Amino acid sequence: MRAEFDKKKTTLNQCEKDLAKLQFDVERLKQYRADVRSDDEKLARDQNRLQQMKRQNHQLDFQYTNPTPNFDRTKHVHGLVATLFNINDKKYAQALELTAGGKLFNVVVDTDETSKHNHSLSIKRSYM
């Protein structure tokens, strides 16, 4: 019985040495888990905020079908005018909105040729 105990104690000591070599730290693992939980909560808040913003600005949701099968929209279609710039001061945003009106929702493309291909552009607007 003593020999069995000594054998298990030797095995335990070897396991402790192997664990020390790994530099495993329980407190660090707990901190990592807490960080992951915090990041998950932040991600959920950000996703919720994004959904709220999409609902508030549904008119800026720009989706369309390609005019030809191999059409590369990243090269040719830039998007809606309203999404291509930022305004930092709200008073200018209101002035621009009143002046430009519906033209803010025109589609910007690279050339007249692209515009001709996209003349029959089927734009889907989502209203939430």
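The values are calculated or read from the model by the stated rules, or taken from the named source; none is laboratory data. Note that the structure is predicted; figures quoted are calculated from it, not measured. Positions of Cβ are generated from backbone atoms using ideal geometry, with glycine treated the same way; all protein chains shown enter the neighbour counts.
Please return the ranges of helices (runs of 4 or more DSSP H) entirely within region 1-78 where 2 or more residues are outside the structural domain of Asn106 (by TED's automatic domain parsing) and loosely packed, with under 10 Cβ neighbours inside 10 Å. I'd like the intermediate steps shown before the answer.
Details: elements: 2-22, 26-56, 73-76.
Those helices (runs of 4 or more DSSP H) span 2-22, 26-56.
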Do you know which of the residues in region 79-103 that are assigned to a helix (DSSP H, G or I) and of a type in the set (D, E, K, R) is surrounded by the most Cβ atoms within 10 Å (Cβ to Cβ)? Glu97
For region 94-117, pairs from a residue that is in contact (Cβ under 8 Å) with a residue 12 or more places away in the chain to a residue that is surrounded by 12 or more Cβ atoms within 10 Å (Cβ to Cβ) and of a type in the set (D, E, K, R), with Cβ under 8 Å and 6 or more apart or across chains, are Leu104/Glu97
